[in-house]
Amino acid sequence: MALRIMFCICVFFCCKPVSFSQSTIIDSTKVIAIVTDTIRKKPLEKQYDVGNGKILIYQKPKLFSFLTKLPKDAAGIAVAPFQKKSIKPLLWIAGSTALLMLNDEAISEAVGQFSRNIHLSPDEKYKDVLNIKLGKTNTSLLKAPQNINTALYQLGQGFPSLLIGAGLYTYGKIHKDYRAISTASQLAEAFILMGVGTQLIKRITGRQSPSEAVDLDGSWRPFPSFKNYQNHTPVYDAFPSGHLATLMSSVTILADNYPEKKWIKPVGYSVIGLVGYSMINNRVHWASDYPLAIALGYLCARQVVKNNRRVVQTTSSGHRKATLSYTVNYTNGRLMPGVIYKF
C-alpha cells in the first residue's frame, strides 16, 4: 500500500505540466503525443508565398549540404541528356553550335571591328589590390579591372556569384531565412559542379582559343596530356565557356528561388550577353563555345534547385482571374442567350 502511495506522489510531481481530472487515467500515448507536439513547434521548414498561387517550401538548412548533395546532383546532370525529353534541346544545342562554327571567324571579326569603332579595348588590364607573399613569390588575391572589357570579363569568373552567395548566407543567418541560406548553398554547389563539368569537357575536346588559333575556327586536339594542358591552357580550353556556364547557373538559381523578383532574369541575361561579347572581343572564346555552356549552366541550376526546395500550387482567390463566357439555353420553346461572368 505504501509503495502505491509513493508511486502516485511521484507521478503527480513528475507530470505536473499535464493536468488530469479525477476520473482521468494516465495514457502513455497521450503523453507521447504532447511531447511530440512540443518538439514540432520548432520550425523544420519554412514557406514563402511568392504570388501567382505558388508557395516555395525550404527545409532547415544543413551544414555543408552543398557538398553532401554533390553526388546526387552530378548523377542527375549526367543522366539528363539520355532522357527522351532531352532530344529536342540536344538537337538545338548541336544545330546552333554547328551554325555558329560556320561563322565563328566572321563573328569574331565583326565584334573586333565594332569594338574598335566604339573604342572598347580588347586588352586585359588589372591592378593588384591585395597581394601576399608565398615564399619568394608574390601572389595576387584581388585585382581591379582597368577597362570596361576587362570588368565584363571578370564578371564571368565566378567571384560575383560567390559574393552574392556570401551576402545571402549572412542575411539568412541573421534573419533565420531558410530560403536565403538555401540559395547561397545552391550557388556554391553549382559553382563546384560547373567548374568540374566544364573542365572535364574542355580536356576531352581540346579546342584552341581564338588567340592561339592557327585555323580559321580553331583546331581541335582531343584528350591532351595533363602536362600539355597545364602548360599551354589556351591551346585546349575554349570549348565550352566555363564563364557563361557559371553565370547561367547563377542567374537561373536566383530567378528560380526568387521568382517574385522580376528584374533578375532581364538583368542576368543582359550580363551574360555582355560577358559573352567581351570574351569574343578579347579572343578568349568563339561564339560556338556558348550554346553548350548556356545549356550546361541551366541544366545544372535546375537540378540543384529541384533537390533543395519544394513547390506547392495553391488556388488562392486573390490570384484568380475573372472570366467572361457566353451561353445559350432553350427555355419554354425559346432560345435564351446569356452571359456568365466568373470572378
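The values are calculated or read from the model by the stated rules, or taken from the named source; none is laboratory data. Everything numeric in this text was worked out from a predicted model, so none of it was measured. Here the Cβ is made from the backbone with ideal geometry for all residues, glycine too, and neighbour counts use every protein chain on show.
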Do you know which residues across region 257-277 are among the hydroxyl-bearing types (Ser, Thr, Tyr) and either touching a Ser or Thr at 6+ places or on another chain (Cβ under 8 Å) or at positive phi (or both)? 258
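Only helices (runs of 4 or more DSSP H) wholly contained in region 107-222 count here; list those with 3 or more residues that are among the β-branched types (Val, Ile, Thr) and closer than 25 Å to residue 236 by Cβ. Walk me through how you get there before you give the answer.
Values: elements: 148-155, 159-175, 178-205.
Correct list: 178-205.
Report yes if some residue within region 311-330 is closer than 30 Å to residue 160 by Cβ, modelled with pLDDT under 95 and part of a helix (DSSP H, G or I); otherwise report no. Write out each step before concluding.
First, the residues of region 311-330 that are closer than 30 Å to residue 160 by Cβ: 311.
With modelled with pLDDT under 95 added as a condition, the list becomes 311.
Among the residues that remain, those that are also part of a helix (DSSP H, G or I) are: none.
The answer is no; no qualifying residue exists.
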Taking region 202-229 as the region of interest, how many residues are surrounded by fewer than 18 Cβ atoms within 10 Å (Cβ to Cβ) and at pLDDT 90 or above? 10
Please indicate, with yes or no, whether at least one residue in region 92-108 is among the small types (Gly, Ala, Ser), modelled with pLDDT of 90 or more and more than 30 Å from residue 218 (Cα to Cα). no
So, residue 297, is that one touching a helix residue (DSSP H, G or I) at 6+ places or on another chain (Cβ under 6 Å) and either part of a helix (DSSP H, G or I) or acidic (Asp, Glu) (or both) or not? yes
Would you please name the residue that is surrounded by the most Cβ atoms within 10 Å (Cβ to Cβ), looking only at residues in region 151-163 that are over 17 Å from residue 253 (Cβ atoms) and without any contact (Cβ under 8 Å) to a residue 60 or more places away in the chain? 154
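Table: residues versus (1) small (Gly, Ala, Ser); (2) more than 18 Å from residue 309 (Cα to Cα); (3) in a strand (DSSP E or B).
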site: 50; (1), (2), (3): no, no, yes
site: 58; (1), (2), (3): no, no, yes
site: 61; (1), (2), (3): no, no, no
site: 66; (1), (2), (3): no, no, no
site: 74; (1), (2), (3): yes, no, no
site: 78; (1), (2), (3): yes, yes, no
site: 81; (1), (2), (3): no, yes, no
site: 89; (1), (2), (3): no, yes, no
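Give region 108-147 a look and list any residue that's out of contact with any strand residue (DSSP E or B) (no Cβ under 9 Å at 6 or more places or on another chain), exposed (fewer than 15 other Cβ atoms within 10 Å of the Cβ) and of a type in the set (Val, Ile, Thr), or say none. Lay out the reasoning, then the answer.
Let us first name the residues in region 108-147 that are out of contact with any strand residue (DSSP E or B) (no Cβ under 9 Å at 6 or more places or on another chain), namely 108-123, 134-137, 147.
Checking the rest, the ones that are also exposed (fewer than 15 other Cβ atoms within 10 Å of the Cβ) come to 109-110, 113-114, 116-119, 123, 134-137.
Listed by number, the residues that qualify are 118, 137.
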